[in-house]
Amino acid sequence: MSDNMVLMTQGLSKSYGKVRALRGVDLEVYRGEIFGFLGPNGAGKTTTIRCLLDLIRPDGGDVRVLGIDPQADPVAVQGRTGYLPGELALNDNLTAERQLRFFADMRGGKADWTFVRQLAERLDLDLKRPIKNLSKGNKQKVGVIQALMHQPELLMLDEPNSGLDPLMQQEVLGLLREAKSDGATVFFSSHIMSEVEAVAERVAIIRRGKIAEVAETASLVDRGLRRATVRFKEPVDSGLLARLPGVQVLSRDDGLSVVLQVEGEMDEFIKVLGSLPVSYLDTARPSLEEVFLAYYEAGHDHKEEI
Amino acid sequence: MLTTLRYALAQFRGQILGWGLGVAALGLILVPFYDVFMEQQADFMQMLESYPPEFLAFFGGDAASMATPSGYLGMYGFSMLPVIVGIFAVIAGSGLLASDEESGRLDLIVAHPVSRAALFWGRLAGFMVSAVAILILGWLGFSVLLGGSSLDVSWGEMALPFLPVLAQALCYGALALLFSMFLPARRLAATAAGLVMVASYFLSSMATLNENLATVARFLPYHYFQGSDAMNGLNFAWFLGLVAASTVLALLAWWRFQRRDIRVGGEGGWRLPSLTRGLRRRAEAQ
């Protein structure tokens, strides 16, 4: 494992009874990058993150976090990491401030309280209020602050924007960018494509406990996947297009309009279009969401195991 | 570990006061009542002798021994204390880690740079200190009115029966903790440990009347409860034996906690066999 690699898994597997949650996850995350971990509910995102922090024990595979085996020395990993769980649970009997002081004490008092107050102000969180009186979104803000307050080298955030309103989502994404600019590495899971596209430099897509794709966000979006809207002068057999390799009909209207997804080189597609009476053609780069959905459509099995 | 201990004690504050003052209140009633008991001794003895021996067995003696300070305190106080303090121990022991785990809080706590060992032993130490604090409050309640009572017992002698109570509390607490490490729900662990405690109390009490039960009772903690007899000399072998058994139970629980997954959302749990589930699966298969 190179010094530049902050997080590495090889063949990571984990089962819950008969359910195979992870089936050999291979990941590499490098120092200073924001890495998005994409997948639908139950694909294995949370299980992967919890293995990385030694909260659960994998059945097989190798894991290194900051060059350390988390099973051999979990405290060393946890001391340099900030973690936000996907299902955040706090002590309802404490105020937000008391809860954060508890977490700071668990880190040996390693938290800059001025920074905590700045974070609370930016996230519009009243630290004096009891946890039990906070909304889900405000509890999430407490979770975000506890992950950031000791300014860790590595942030592992499981759905950091869960329950937050759009304004606060933008603020949290801003905090992640700032953490990166301060030298931290950010590894976060999400199923909200827009937020991943907004901040992540690289993404991994996990499907049914296996990594389906790891790529730079921009290249994944740019990669030959286009959405083409075609209108014809007269009804045509759109099957001519649909039969081309990499072409999929997404919708069809009255025989005159058709929306297609074209993957890969467009040369053949354009040649066939040229032989047809086209009145209008529009091609658009898909969003990351469409790229992501493409992994789960086109014959992929939607059924996840956890 | 000290941070964990500090927070564990903060969590136990209410229970220390509640259980401690409850045990103290028992002493504050029992000690002055001894004089009334002695004044009415003849009537009380007649009443006690009318009880069936099975009933008296639960209070650790026969009617004749009840007139002594040790017998009186044993019957009305110390015979029940292992169960009273045992309820605290079972609730506290089963929830020491499992209540935070069931609520989902343990996930984030364990993700902090505190080793599982420090978390486990810190919380267990918090439980032990709480049990000691409850019994100290209880001892004060039993002792503070001794000066005005005809009970010929010193404060030091009064402290001795609390040591076997402590050993019982540690034993049931450690057992509940161990069960919570293996069973899928805290409530189930508390129920199982509570059953052992109640069975231990009944079987050991009845074993004084039925020798056949003595064989089973030998394996149960209450069999080794000395009660108010400790005023006449503490049975160190029993006391240390129970402490050693508690240590073994705690070590087993720690061994399990070191190796197991921290659960959230029912991960790693197991379900009891369900007849309806089996029938439903069969129907679905058809």
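The values are calculated or read from the model by the stated rules, or taken from the named source; none is laboratory data. Computed from a predicted model, the values in this text were never measured in an experiment. In this analysis, Cβ positions are derived from the backbone assuming ideal geometry, glycine residues included, and neighbour counts consider all displayed protein chains.
One residue stands out in the range A:81-102 among those that are surrounded by fewer than 21 Cβ atoms within 10 Å (Cβ to Cβ) and more than 8 Å from every other protein chain (Cβ to nearest Cβ): the one that is nearest to the chain's Cα centre (by Cα), namely A:Gly86. In the range A:1-31, which residue that is basic (Lys, Arg) and closer than 23 Å to B:Ile262 by Cβ is surrounded by the fewest Cβ atoms within 10 Å (Cβ to Cβ)? Per the criteria, the residue is A:Lys18. Does the range B:91-108 include one or more residues that are of a type in the set (A, V, I, L, M) and over 30 Å from B:Leu188 (Cα atoms)? No, the range B:91-108 contains no residue that is of a type in the set (A, V, I, L, M) and over 30 Å from B:Leu188 (Cα atoms). Of the residues contained in the range A:57-69, none is found to be farther than 26 Å from B:Phe257 by Cα and among the basic types (Lys, Arg).
With respect to A:Asp59, determine if the residue is surrounded by fewer than 19 Cβ atoms within 10 Å (Cβ to Cβ), over 17 Å from the mean Cα position of the chain (by Cα), within 14 Å of chain B (Cβ to nearest Cβ) and of a type in the set (Asp, Glu). Spelling it out, A:Asp59 is indeed surrounded by fewer than 19 Cβ atoms within 10 Å (Cβ to Cβ), over 17 Å from the mean Cα position of the chain (by Cα), within 14 Å of chain B (Cβ to nearest Cβ) and of a type in the set (Asp, Glu).
Taken as a whole, the range A:164-179 holds at least one residue that is under 20 Å from A:Phe37 (Cα atoms), crowded, with 22+ Cβ neighbours inside 10 Å and in contact (Cβ under 8 Å) with a residue 40 or more places away in the chain. Filtered by the rule that a residue be modelled with pLDDT under 70 and either touching a Leu at 6+ places or on another chain (Cβ under 6 Å) or among the β-branched types (Val, Ile, Thr) (or both), the range B:237-286 gives a lone residue, B:Thr276. Under the condition of being within 14 Å of chain B (Cβ to nearest Cβ) and at positive phi, the residues counted in the range A:103-137 number 2. Pairs meeting the criteria (first residue in the range B:132-151 and aromatic (Phe, Trp, Tyr), second residue buried (at least 17 other Cβ atoms within 10 Å of the Cβ) and assigned to a helix (DSSP H, G or I), beta carbons under 7 Å, at least 6 apart or on different chains) are B:Trp139/B:Met158; B:Trp139/B:Ala159; B:Trp139/B:Phe162; B:Phe142/B:Gly27; B:Phe142/B:Val31; B:Phe142/B:Met158. Taken together, B:Tyr51, B:Tyr76, B:Tyr72 contain a single residue that is out of contact with any helix residue (DSSP H, G or I) (no Cβ under 9 Å at 6 or more places or on another chain) and either touching a residue at least 24 places away in the same chain (Cβ under 8 Å) or farther than 19 Å from B:Phe225 by Cβ (or both), which is B:Tyr51. Of the residues making up the range A:195-215, those that are touching a helix residue (DSSP H, G or I) at 6+ places or on another chain (Cβ under 7 Å) and not in a strand (DSSP E or B) number 7.
Here B:Val90 fulfils each of the conditions (1) surrounded by 23 or more Cβ atoms within 10 Å (Cβ to Cβ); (2) under 30 Å from A:Thr81 (Cβ atoms) apart from (2). With respect to the conditions (1) within 14 Å of chain A (Cβ to nearest Cβ); (2) buried (at least 23 other Cβ atoms within 10 Å of the Cβ), B:Gly122 falls short on a single one, namely (2).
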